[in-house]
1. Output the DSSP H helices from the chain with an along-axis C-alpha extent of no less than 15 Å and a mean Kyte-Doolittle hydropathy no less than 0.0.
2. Using a 10 angstrom cutoff on alpha carbons, build the Gaussian network for the chain and name the most mobile of N31, N12, N181.
3. Connecting C-alpha atoms closer than 10 Å in a GNM of the chain, tell me which of D94, D183, D27 has the biggest fluctuation.
4. I want to check the label-to-label distance for I44 and H103. Put each point 7 Å from Cα in the C-beta direction and report it in nm to one decimal.
5. 5 Å is the cut-off here: which amide hydrogens, built 1.01 Å from N in the peptide plane, fall below it relative to V171, excluding neighbours closer than 5 in sequence?
6. If you take every residue apart from K120 with its C-beta less than 12 Å away from the C-beta of K120, what net charge results, scoring Lys and Arg +1 and Asp and Glu -1?
7. A 27 angstrom limit on the alpha carbon distance is what I want to check against. Which of K80/K142; K114/K149; K28/K55; K55/K120; K120/K149 exceed it?
8. How much FRET efficiency would the formula 1/(1 + (r/R0)^6) give for N188 and W25, where r is the Cβ-Cβ distance and R0 is 35 Å, rounded to 0.05?
Amino acid sequence: MVFHFSEDDWSNMGIAGMRHDTGYWRDKGDNESTGAKLTAQHVIRSMKMTEDFLKEKGFPQSRIDIIKEAIGYTEVFGPKPDITSLGGILAGGDSLGLIADPHYVDTYLPLLWKEFQDFKDEKGTMNEKLGYVTIKDIQGPKSAIFIRKVLLPAVEPYLPYLDRTHGGQRVNMYRLLIQRNLDLLDGNVELNIG
């Protein structure tokens, strides 16, 4: 499969990439907790904030719509686009940046647990809904299941394009890091986590 993108496509991708999580920004005067409380609507907020910003900068509506569509595909539980589309690449990259991060288990997940404490509705905090009582709970098999069922399918189509040859062997560092993180979450290997 070959990806063909114009200069405008790459520019649109860059803008969408930089703006896709602006929906976590709290409104002026909102000094309570973190932007995590905006998780449920952050993609729609990102699309609206980006549209307002780009209109202010004089972008044509047709281009704004392309950028908003790409942002829309970063919704974790939303529809998945063709992997050759701008939205597909942005969604895949967004997920890949998380689950292949070498600090995903020991640094990112504890921060996410704290944010989940701020994400509340009438049914309780996100941690309560997911059954996470302590930080250790988010660093376990439930997170591995979430990665396998939700995030990995968004990433898997891109992994073959990230293979590299090193010392005569095909190596994919992203795939190795994802597997390491899954092994840590499944308890197959240990990491000295505070």
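1. Details: long enough: 7-19 (18 Å, -0.84); 42-56 (21 Å, -0.56); 61-72 (16 Å, -0.02); 86-99 (20 Å, 1.41); 173-186 (19 Å, 0.08).
Helix filter hits for the chain: 86-99, 173-186.
2. For the chain, modelled as a Gaussian network with Cα springs under 10 Å, the answer is N31.
3. D27
4. Simple spin-label model gives 3.3 nm for this pair.
5. It is R164, T165, H166, by chain and number.
6. On the way: positive: K37, K123, K129; negative: E32, E115, D118, D121, E122, E128.
It works out to a net charge of -3.
7. Details: K80/K142 23 Å; K114/K149 23 Å; K28/K55 20 Å; K55/K120 33 Å; K120/K149 24 Å.
Violating the 27 Å Cα-Cα cut-off are K55/K120.
8. Approximately 0.40, to the nearest 0.05.
The values are calculated or read from the model by the stated rules, or taken from the named source; none is laboratory data. What you see is a predicted model; the values in this text were computed from it and never measured. Cβ coordinates were reconstructed from backbone atoms using ideal geometry, including for glycine residues, and neighbour counts include every protein chain displayed. Ligands, DNA and RNA are stripped out before the accessible areas are found, and what is left, the full protein with its side chains, is counted by its heavy atoms. Shrake-Rupley method; radii C 1.70, N 1.55, O 1.52, S 1.80 Å.
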